[in-house]
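The values are calculated or read from the model by the stated rules, or taken from the named source; none is laboratory data. Note that this is a predicted model, so its numbers are computed, not measured. Here Cβ is always computed from backbone atoms with ideal geometry, including for glycine, and neighbour counts include all displayed protein chains. The protein model used for the area step is the full one, side chains on, heavy atoms only, and it has no ligands, DNA or RNA in it. Shrake-Rupley method; radii C 1.70, N 1.55, O 1.52, S 1.80 Å.
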Amino acid sequence: MTFGERLRALRLERRRNQKELAAAASIDVTYLSKLENSRLEPPAEATIRRLAAGLEVEPTELLL
């Protein structure tokens, strides 16, 4: 499973839409979309931490 696939799966499990998660992580929704569709490399650690906080998971959950 890619980073983007894992990110999307966790987001959907928590019933968050892209706009909500992007706002919680202080990133642009188009950037989130590109991450989920594996059009970009996984982000820097700080962004992973913000995404994890927005999903209420440990950052390592995004890296499994």
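Some notes on this structure:
- Protein accessible area in segment 6-64, 1.4 Å probe - carbon and sulfur %: 49 percent
- Per-residue ellipticity at 222 nm, computed for the chain from helices alone with -39500 (n - 2.57) per DSSP H run of at least four residues, works out to -17000 deg cm²/dmol.
- Relative contact order (percent, whole number), the chain, Cα cutoff 8 Å, 6+ residue spacing: 40 percent
- Highest-MSF residue in the chain out of Ala52, Ala24, Ala44 [GNM, Cα springs under 10 Å]: Ala44
- Solvent-accessible heavy-atom area per residue, rounded to whole Å², over the chain at 1.4 Å: 63 Å²
- Between Glu45 and Ala24, full extension at 0.36 nm per residue minus the direct alpha carbon distance yields a gain of 6.0 nm.
- Loop-exposed trypsin sites (Lys or Arg not before Pro) per DSSP, neighbour cap 14 Cβ within 10 angstrom, longest uninterrupted part of the chain: 40-64
- Placing a label point 7 Å from the Cα of Glu5 along the Cα-to-Cβ direction, the residues of segment 35-64 whose backbone N falls under 18 Å from that point are 35-43, 61-64.
- By the Kirkwood approach, averaging reciprocal distances over each pair of separate Cα atoms, the chain gets a hydrodynamic radius of 11.2 Å.
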